[in-house]
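Read through the structure below, which is laid out as structure tokens, and then see the notes.
The values are calculated or read from the model by the stated rules, or taken from the named source; none is laboratory data. Computed from a predicted structure; not experimentally measured. As a convention, Cβ positions derive from the backbone with ideal geometry for all residues, glycine included, and neighbour counts pool all protein chains shown.
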Amino acid sequence: MRGIVAMLAATSVFAGMDALVKLLMADYSVIQVLFFRAGFGLVPLAPLLWRSGMRAVATRRPWAHALRSAVGLLAVGCFFMAFHRLPLVQVTAIGFAAPLLITALSVPLLKETVSPGRWAAVAAGFGGILIVAGPDAWAGDLLGAGAAFAVAGTVLYALVMVMMRDMGRTEAAVTTVFWFSVLTLVLTGAALPLVWQSPDPRAWGLFACAGILGGTGQLLISQAVRLAPASTVAPFDYFHIVVSSSLGWLVFAEIPTLNTLAGAMVVMASGLYVMRSERKSAAPRHPAPP
């Protein structure tokens, strides 16, 4: 239950960050947005580092953090580009395929066993993605790129979740978030002079809020996958669409299409089936009473 609560809180926080990023991407490059997202994302770690010192982020797996950070940076960058081109709720709905991809990736990477029923749910979920996108999402340079970025971000995000599940056996959440933020600052900072635009006071506030929300969400999601199996907590990411659609309507006057809602229902149903199947397979089996 603690893992599920952490995932619900993380998805709510990330939905707020998504809306702020969409606002910022109208005027600033993705590199600059990623840089400040990572920089201000270190703020939630300050109390933990103050109490524990740098030993809290010490690691014996630097290369695992480097790989996870590189994949995570690409995933976040793809989603940011998608938010700039598509409605919030549509990108969120496409991202709902992540739990299904986690199920598929857990077989080769975590050596987990997946039943035929769960494989069928994964296939149905991918059909739901096509419904969410709809024929118009792939038409034209702008919208077509938005859908492609959303799908790429979803695949990379699922890979990050599986990697975090494996790293969670030895690495604390604060360690994972710290090294992701630091490595993101280094990589995006190298290119920042090429795209720099001086933020106005409003933009500084948006950058700060987006970074703090992102850092908090990362801590929560790292805790979630450490407290419970990734295939159990990931479906609760679906709460994201409630917050995301609300913010899209309130901030951007975006109204979800029937395609988006219908496809999201298919993907959600598939994910919930996977979660139910996972819980059944994980339940202890006792001998029948005499």
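The figures follow:
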quantity: Verdict on Asp27 being outside any helix (DSSP H, G or I) and either more than 19 Å from Val243 (Cα to Cα) or of a type outside the set (A, V, I, L, M, F, W, C) (or both); calculated: yes
quantity: His286, sole failed condition from (1) out of contact with any Ser or Thr (no Cβ under 9 Å at 6 or more places or on another chain); (2) modelled with pLDDT of 75 or more; calculated: (2)
quantity: Members of the stretch 247-264 that are more than 18 Å from Gly16 (Cβ to Cβ) and in contact with a Leu (Cβ under 9 Å, 6 or more places away or on another chain); calculated: Gly263
quantity: Which numbered condition Arg55 fails, given (1) under 25 Å from Phe252 (Cβ atoms); (2) part of a helix (DSSP H, G or I); calculated: (1)
